[in-house]
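The values are calculated or read from the model by the stated rules, or taken from the named source; none is laboratory data. This one's a predicted model, so the numbers in the text were calculated from it and none came from an experiment. Every residue, glycine among them, receives a Cβ derived from its backbone with ideal geometry; neighbour counts consider all protein chains shown. The area values use the complete protein model at the heavy-atom level, side chains included, leaving out ligands, DNA and RNA. Shrake-Rupley method; radii C 1.70, N 1.55, O 1.52, S 1.80 Å.
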Amino acid sequence: MPIITLPDGSQREFEQAISVVEIAKSIGTGLAKVALAAKVNGRLVDTSYVVTQDCDVAIISDKEPEGLDVIRHSSAHLLAQAVKSLFPKAQVTIGPVIENGFYYDFAYEERFTPDDLIKIEAKMTELAQQNFTITRSVKSRDEAVQFFTALGETYKAELIESIPANEEVSLYQQGDFVDLCRGPHVPSTDKLKAFKLMKLAGAYWRGDSNNEMLQRIYGTAWANKKDLQAYLNRLVEAEKRDHRKLGKKLDLFHFQEEAPGMVFWHSKGWQLYRTVEAYMRQRLDEYGYQEVNAPLVLDRSLWEKSGHWDKFSADMFTTHSENHDYAIKPMNCPGHIQIFKQGITSHHQLPVLIAEFGLVHRNEASGTLHGLMRARRFVQDDAHVFCTEDQLLGEVDKLIDFTFKVYKDFGFEQIKIKLSTRPEKRVGSDEVWDKSEAALAQALANKNLPWDLQAGEGAFYGPKIEFSLHDSIGRVWQCGTIQVDFSMPERLGATYIAADGSKQPPVMIHRAILGSLERFIGILIENYAGEFPTWLAPIQAMVLNISDRQADYAKEIEKALRQQGWRVRSDLRNEKIGFKIREHTMQRIPYIIVVGDKEMENQNLAIRSLHGDDLGSMTLDEFSAKLRADTAGK
């Protein structure tokens, strides 16, 4: 007689073992109709799962994030079923859920075309409407290998052969299509109502470039057609905001083949970069950081001691000189420890806060490079706090406040937080990891901040808090991190003099708020669609003369405003004023100053906003005051 505890704390007792869907029916027929899966004692299961003992049960519908994942997982199977129906010789391989959708890789001699995608999507719709019941079965590993081998699905058979011999595997069937999968899946295909195939790509079998090239079909799936259309609209808007296109259009930066993944900053882009850097440097001063600069190239032995060589060497650029191996630094922490180690530090001097705009290089695969968002050369707003264990919680508390302050000034109000805990491959004892994870969780609790758990996603040396930003069109960007590290200072011989006179390794907190400056600027470009707030705009105002008679006056205005610290330029070309206004409006300049004979005579300025609003006439001092008010709140 299992007793079922529901999310609201209420309980239901049943006389015998009962399926999840029957539990849902006992609560209400409406809930049973929308049930896609369930959580039983925290584990996601199908609605057909049978409960035999006391447990907690939560019914999952398309309103929960897990429900959307189930829809997308089932949509991947629907895609595979459609492909097998249209192209029987195609072999299915793997088809996982990804952000906003799914993909499936196929082995097929002929190349799929965009026209094929249209046919496949239509077949998916047809199959979904046939309302196949999706059923789960279990086979031994060897039985499953034989089953898929008999079907000619050699890739599936190879996957299963890598599973230990004593394990069972689960299969899911819908109509005449059977696939290997852990599940869960929606109860029937009619639950799949809003999907779209997006694009084709190539992918190596099991991600190994030595293996066969497969064909990957990407798709997206949502709870309903309204959500699907909203996502497609966001993609259109995102395309307009692509930082690579805007970077070229606004003359901010470029990339070229001779330096893959390394940005060439143009004057306006570099001004934007310097503005972001100057803002962060001001905040560092306010919070008491020491800004340093460590060497770009360090001996291999240092990276071995820190643990990076073992975990990260494949992504390092290396060189050799005079019988020594060196690495161009992919991160800044070992260098900062060397600076901390100079001299003797007393516990009275802790915490020590060290910051660097650290230039790093990472040998990212060429196929992963993506403008400013994924580069090989970039600068991190990196900092490390060296403190005692007793100071740890307070320092994390300050770092959280610091992080939220920065994001707010850049216009990001909605912040998502995740706590990433110990990975399988790590350094340090379980006791140390327990302390580290507890400190971060307690700091978040002290701030009453909601967070999601990312089990196993911490760095190899410590757990971390991750901060993700929601931009103006709803996309999420992971940026800042706060990481607790008990191991690296000890591995690299960093100590302080404790109160009892002994030498002790400090606790090290790794902190980045923007992350990569390049990537953060890419996020800013896309968030604002190039229309930066005045304090960030590379050029804050452009002075335009109507005719040559006002050229000297326009130059005087430009000079006076620049002397006050404003980023102002003038356009004195012999072009029609309407042409010049349109051109600089397209360049997203916040204010356009027009001077004609009237303005020159009255010693004032005609001001226009970026969006064409006539702000009237102002004196130089009045316009400067407006700029100050415009930039005061960031």
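Using the Karplus relation 6.51 cos²θ - 1.76 cosθ + 1.60 with θ = phi - 60°, the per-residue 3J(HN,Hα) values for the stretch 251-261 come to 6, 9, 6, 8, 10, 8, 4, 5, 9, x, x Hz, with x marking Gly and Pro. For the chain, the longest principal axis of the Cα atoms and the long axis of helix 114-129 meet at an angle of about 50 degrees.
Accessible surface for Leu615 stands near 60 Å², nearest 10, in the context of the full protein assembly shown (1.4 Å probe). For Gly358, nonlocal amide neighbours, meaning residues 5 or more places apart or on other chains whose placed amide H falls under 5 Å from its own, are Gln380, Asp382. Using the alpha-carbon positions of the stretch 304-404, Rg (one decimal) and Dmax (whole number) come out as 16.6, 49 Å.
Computed log10 I(q)/I(0) for the stretch 280-353 at 0.14, 0.15 Å⁻¹: -0.58, -0.64, from the Debye equation with unit scatterers placed on every C-alpha and solvent omitted.
How would Lys464, Lys119 line up by accessible area, probe 1.4 Å, largest first? Don't skip to the answer; put the middle values down first.
Numbers: Lys464 35, Lys119 120 Å².
Reading off the accessible areas and sorting them downward yields Lys119, Lys464.
Roughly to the nearest percent, how much of the accessible area of the stretch 11-78 is carbon and sulfur, given a 1.4 Å probe? Let's see the in-between values first.
Working: 1570 of 3380 Å².
Here it works out to 46 percent.
The stretch between Asn446 and Thr52 holds 137.9 nm of extra length on full extension. This uses 0.36 nm per residue minus the Cα-Cα distance.
Modelled label positions at Lys626 and Thr5, each set 7 Å beyond Cα in the direction of Cβ, lie 6.4 nm from each other.
Count the DSSP beta bridges whose two residues both fall in the stretch 507-634, then state the antiparallel fraction as a percent rounded to the nearest 5.
On the way: 8 of 17 bridges.
For the stretch 507-634, the DSSP antiparallel bridge percentage is about 45.
As a fraction of the 1.4 Å probe accessible area of the stretch 517-634, surface on carbon and sulfur atoms comes out at 47 percent. Considering only the other residues whose Cβ falls under 10 Å of the Cβ of Lys580, what net charge follows from Lys and Arg at +1 and Asp and Glu at -1? Neighbour charge sum, excluding Lys580 itself: 0.
May I ask you to derive the FRET efficiency for Glu583 and Lys405 from their Cβ-Cβ distance with R0 = 30 Å, giving the value to the nearest 0.05? Plugging the Cβ-Cβ distance into 1/(1 + (r/R0)^6) gives 0.20. In this structure the amide hydrogen of Glu364, modeled in the peptide plane, comes within under 5 Å of no amide hydrogen from residues 5 or more places off or on another chain.
Cα-based Rg of the stretch 110-204 per 2.2 N^0.38 Å, rounded to two decimals? Kindly include the intermediate steps, with their values, before the conclusion.
On the way: Rg = 15.5 Å, N = 95, 2.2 N^0.38 = 12.4 Å.
Cα Rg divided by the expected 2.2 N^0.38 Å: 1.25.
Each distinct pair of alpha carbons in the stretch 203-355 adds a 1/r term; the inverse of their mean, the Kirkwood radius, is 21.1 Å.
Placing pseudo-labels 7 Å out from each Cα toward the beta carbon at Met262 and Asp397 gives an inter-label distance of 4.5 nm. For the chain, the solvent-accessible area of protein heavy atoms averages 48 Å² per residue (probe radius 1.4 Å; ligands and nucleic acids excluded). For the stretch 61-91 and the stretch 462-541, what is the separation of their Cα centres, given in Å? Result: 37 Å between the Cα centres. Heavy-atom accessible surface of Met1, to the nearest 10 Å², is about 140 Å², with a 1.4 Å probe and all protein chains retained.
Please give the net charge around Asp485, taking every other residue with its beta carbon less than 15 angstrom from that of Asp485, where Lys and Arg add +1 and Asp and Glu add -1. Mind dumping the intermediate values first?
On the way: positive: Lys305, Lys311, Arg422, Arg426, Lys435, Lys464, Arg491, Arg511; negative: Asp382, Glu389, Glu395, Glu431, Asp434, Glu437, Glu490.
Neighbour charge sum, excluding Asp485 itself: +1.
Over all other residues within a Cβ to Cβ distance under 13 Å of Glu168, the charged ones net out to +1, with Lys and Arg as +1 and Asp and Glu as -1.
In the assembled protein chains, Cys479 presents an accessible area of approximately 10 Å² (probe radius 1.4 Å). Shown for the stretch 93-237: the carbon plus sulfur share of the solvent-accessible area, taken with all protein chains present and a 1.4 angstrom probe, equals 46%.
Normalised by 2.2 N^0.38 Å, with N the number of residues, the alpha-carbon radius of gyration of the chain equals 1.16.
Using 0.36 nm per residue of separation minus the Cα-Cα distance, give me the extension gain between Asn574 and Thr29 in nm, one decimal.
188.7 nm
Volume of the convex hull of the stretch 413-471 (Cα atoms only), normalised per residue: 72 Å³.
3J(HN,Hα) couplings calculated from phi for the stretch 610-622 with the Karplus curve 6.51 cos²θ - 1.76 cosθ + 1.60 (θ = phi - 60°) are, in sequence order, 4, 8, x, 6, 7, 8, x, 8, 9, 6, 4, 5, 5 Hz; Gly and Pro show x. Amide H contacts for Asp56 (H built 1.01 Å from N in the peptide plane; partners 5 or more residues away or on another chain; cut-off under 5 Å): Thr5, Asn41. Using R0 = 41 Å, the C-beta based FRET efficiency linking Glu22 and Thr368 works out to 0.30.
From the helices alone, meaning DSSP H stretches of at least four residues, give me the mean residue ellipticity at 222 nm for the chain, per-run term -39500 (n - 2.57), in deg cm²/dmol to the nearest 500.
So the calculated ellipticity at 222 nm is -11000 deg cm²/dmol.
Rg/Rh for the stretch 324-365 stands at 1.10; both radii use Cα atoms, and Rh follows the Kirkwood definition. For the stretch 14-55, the alpha carbon positions stretch 25, 23, 13 Å along the principal axes, listed from largest to smallest.
Legend: Rg and Dmax of the stretch 25-149, from Cα coordinates, 17.1, 53 Å.
Can you tell me the alpha carbon radius of gyration of the stretch 341-467 divided by the globular rule-of-thumb value 2.2 N^0.38 Å? Intermediate results must be reported in sequence, preceding the final value.
Details: Rg = 16.6 Å, N = 127, 2.2 N^0.38 = 13.9 Å.
Against the empirical 2.2 N^0.38 Å value, I get 1.20 for the stretch 341-467.
Once the gyration tensor of the Cα atoms in the stretch 388-526 is diagonalised, the equivalent ellipsoid follows with semi-axes of 29, 16, 14 Å, ordered largest first. Here the scattering of the stretch 478-537 is modelled by Debye summation over its C-alpha atoms, one equal scatterer each and no solvent; at q = 0.28 Å⁻¹ the log10 of I(q)/I(0) is -1.08.
Could you grab the relative contact order for the chain? Cα pairs under 8 Å, six or more apart, rounded to a whole percent. For the chain, the relative contact order is 9 percent. Here the 3J(HN,Hα) profile of the stretch 159-175, calculated from phi with Karplus coefficients 6.51, -1.76 and 1.60 at θ = phi - 60°, is 4, 5, 4, 7, 7, x, 4, 8, 9, 9, 10, 9, 10, 10, 10, 9, x Hz, Gly and Pro shown as x.
Want the number for Lys225 to Asp548: 0.36 nm per residue separation, take away the alpha-carbon distance, what's left? Intermediate values should be presented prior to the final figure.
On the way: separation 323, 0.36 × 323 = 116.28 nm, distance 5.82 nm.
Roughly 110.5 nm would be gained on extension.
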